[in-house]
Amino acid sequence: MGLGKLFVTGFLVLSVLEAGAVTVKPKASPTCVFPAIYNFGDSNSDTGGISAAFEPISGPYGVGFFHKPAGRDSDGRLIIDFIAEHLNLPYLSAYLNSLGTNYRHGANFATGGSTIRRQNETIYEYGISPFSLDMQIIQFDQFKARSYDIYKQAKTASERSKLPVPEDYSKALYTFDIGQNDLSVGFRKMSFDQLRATIPDITNQLATAVQHLYKQGGRVFWIHNTGPIGCLPVNRFYILNPAPGLVDQYGCIKTQNEMAVEFNRQLKDRVIKLRAELPQAAITYVDVYAAKYGLISNSKSEGFVDPLKVCCGYHVNYDHVWCGKKAMINGSEVYGASCADLTTHISWDGVHYSEAANHWVADHILGGSLTNPPTPITQACHRH
């Protein structure tokens, strides 16, 4: 079977399976109480890491909810923020942010541009972060060891108030939202056959991270798959007149989405194997792809504009000014401003989702209808 047929067949089979998952009623279990969240990921869940490490994200990022830049690649909240709200926890402080941080209820190790596998690019070339997943795990180890020492040395409750309680590490929720940039790098540097051949190693490295956290006492893991990367408007910026068969009915690049589906299939298989390898762990696989593609394919009925329209930035024909930036076009200075109605756009800046879209996706994954096993996040501590 050719690669194209394999992808199409896999896409159709996975679509049928995951469409069926929507109808599965989650099992009723006692509500879990998570004292903390420890998150690992890329810009989809970065709450300030890359801004602390490099040049801070500037306005109009953050304009919709925080009313100022808040270290997030969106106009407001991310899915991880809605997870925290859903669990009645405060928003996560970035591990790399040294000011205004409170780690009592967890920490965020995600940074924009992060990949699962280490890349060969120089630091932040092509927007790729040096803080790959294995580095984020090293940072977690250091964070845990140092916070434990400081906690034990503290003499008053006030001194301990912003530090994790040591016993809470085993009760915390460990979340992952990473892998999209591994595919993005692959699209630039490899053939589809070469990229597909790397997927087992990528998913194994994520599994290694989970295994390490398990040895450190972590027991509850909530793992997002990757979204429909072919639907990101940035991937269409220089393809104004796509060749027949290149895009689907929503304007998404089919081959890129097929690669994401294949990645997700292998990730799901690896998560299922992890459950056998880590018998005391509760591991939930979260189909973010189905949620995001569902939003994109039903954008109008859900109150959104064309999913390829970008809220922030100037993108006309082949002229592009990124969100919050300025450039000279035809002798005039053009500013990449935000749109008037933030609530109707799925894409914030061509790469990242708007708060409205993140909220929609969160609403559709946290209840458990798009997870394996079908488990609401409030019951994710139970093994099935």
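The values are calculated or read from the model by the stated rules, or taken from the named source; none is laboratory data. Predicted model only: the values in this text are computed from it and were never measured. Reconstructed Cβ throughout: ideal geometry from the backbone, glycine too, with neighbour counts over all protein chains shown.
Residue by residue, here is whether (1) more than 17 Å from residue 64 (Cα to Cα); (2) free of Cβ contacts under 8 Å to residues at least 40 places away in the same chain; (3) buried (at least 20 other Cβ atoms within 10 Å of the Cβ) holds:
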{"site": "341", "(1), (2), (3)": "no, yes, no"}
{"site": "349", "(1), (2), (3)": "no, no, yes"}
{"site": "354", "(1), (2), (3)": "no, no, yes"}
{"site": "371", "(1), (2), (3)": "yes, no, yes"}
Go through (1) crowded, with 17+ Cβ neighbours inside 10 Å; (2) at pLDDT 95 or above; (3) more than 24 Å from residue 358 (Cβ to Cβ); (4) not aliphatic (A, V, I, L, M) for residue 114 and report which single condition fails.
(3)
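Would you check if there is a residue in region 131-143 being more than 28 Å from residue 199 (Cα to Cα) and touching a helix residue (DSSP H, G or I) at 6+ places or on another chain (Cβ under 7 Å)? If you could, list the steps in order and put the result at the bottom.
Narrowing region 131-143 to residues more than 28 Å from residue 199 (Cα to Cα): 142-143.
Now drop any that are not touching a helix residue (DSSP H, G or I) at 6+ places or on another chain (Cβ under 7 Å), which leaves none.
Looking through region 131-143, none of the residues is more than 28 Å from residue 199 (Cα to Cα) and touching a helix residue (DSSP H, G or I) at 6+ places or on another chain (Cβ under 7 Å).
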Which condition number does residue 276 fail, the rest of (1) assigned to a helix (DSSP H, G or I); (2) touching a residue at least 12 places away in the same chain (Cβ under 8 Å) being met?
(2)
Given region 140-248, what helices (runs of 4 or more DSSP H) lie entirely inside it while holding 1 or more residues that are of a type outside the set (D, E, K, R) and touching a residue at least 24 places away in the same chain (Cβ under 8 Å)?
180-189, 192-215
Pick from region 192-244 the residues that are more than 27 Å from residue 283 (Cα to Cα) and of a type in the set (Val, Ile, Thr): which of them is surrounded by the fewest Cβ atoms within 10 Å (Cβ to Cβ)?
239
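Considering only residues that are of a type in the set (A, V, I, L, M) and touching a residue at least 60 places away in the same chain (Cβ under 8 Å), which ones fall in region 321-339?
Initial filter on region 321-339 (of a type in the set (A, V, I, L, M)): 321, 327-329, 334, 337.
If the condition is that a residue be of a type in the set (A, V, I, L, M) and touching a residue at least 60 places away in the same chain (Cβ under 8 Å), then 337 is the only one that fits.
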Tell me, yes or no, whether region 236-247 has at least one residue that is charged (D, E, K, R) and closer than 16 Å to residue 309 by Cα.
yes
Among the numbered criteria (1) surrounded by 14 or more Cβ atoms within 10 Å (Cβ to Cβ); (2) more than 30 Å from residue 197 (Cβ to Cβ); (3) modelled with pLDDT under 95, which single criterion is violated by residue 30?
(1)
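Looking only at region 91-105, decide whether some residue is of a type in the set (D, E, K, R), closer than 30 Å to residue 204 by Cα and touching a residue at least 24 places away in the same chain (Cβ under 8 Å). Reasoning before the result, please.
The initial filter retains those residues of region 91-105 that are of a type in the set (D, E, K, R), namely 104.
Subset that is closer than 30 Å to residue 204 by Cα: none.
No, because not a single residue in region 91-105 is of a type in the set (D, E, K, R), closer than 30 Å to residue 204 by Cα and touching a residue at least 24 places away in the same chain (Cβ under 8 Å).
Out of 293, 318, 289, report the one residue that is closer than 30 Å to residue 342 by Cβ and surrounded by fewer than 17 Cβ atoms within 10 Å (Cβ to Cβ). If you could, list the steps in order and put the result at the bottom.
Values: 293 fails: surrounded by fewer than 17 Cβ atoms within 10 Å (Cβ to Cβ); 289 fails: surrounded by fewer than 17 Cβ atoms within 10 Å (Cβ to Cβ).
When all the criteria are applied, what remains is 318.
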